[in-house]
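Worksheet: the structure to be examined is printed underneath.
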Amino acid sequence: MAQKFKVKKGDEVVVIAGKEKGKKGKIIKMITDEARVVVGGVNLVKRHTKPSRTSAGGIVEKEASLHVSNVALVDPKSGKPTRVGYKMQGDDKVRVAKRSGEVING
């Protein structure tokens, strides 16, 4: 069974550890069974690809995955990293930024 994560695809996150520390981006892809995320414009690697019918080949730069523990959600109010909590709003369970108490949309 896959783990439940507090961040999801489309969230704005900041890298909190590693060589890309401090960089911000949106989550493009979640790899739930490996607990990894792919963040747009962060952790770029060069891959040598063979030409195919769809692509010309050559050296392609693309995003590599990061472990989910190395990213933190960006607070919608301050733009700083924050932890995520949950709160009931009527009948809905919503995600809340621990730093500011602001509801996270999405």
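Readers should treat all values here as calculations from the given coordinates under stated rules, not as data from a laboratory. What you are looking at is a predicted structure, and each value in this text was computed from that prediction instead of being measured. Note that we place each Cβ from the backbone using ideal geometry, even for glycine, and neighbour counts take in every protein chain shown.
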Compute the separation of the alpha-carbon centres of segment 63-77 and segment 12-54 and state it in Å as a whole number.
10 Å
Any GluC sites (Glu not before Pro) in segment 1-92 that lie in a DSSP loop and have at most 15 other Cβ atoms within 10 Å would be none
Work out, step by step, the length gained on full extension between Val60 and Glu102: first 0.36 nm times the residue separation, then minus their alpha carbon distance; give nm to one decimal.
11.2 nm
Plugging the Kirkwood radius over Cα pairs into Stokes-Einstein for the chain, at a temperature of 37 °C and a viscosity of 0.692 mPa s, what D comes out in µm²/s?
215 µm²/s
Compare the Cα positions of His67, Gly18, Leu44 along the charge dipole of segment 12-76 (+1 at Cβ of Lys, Arg; -1 at Cβ of Asp, Glu; about the Cα centre) and return the one farthest towards the positive end.
Leu44
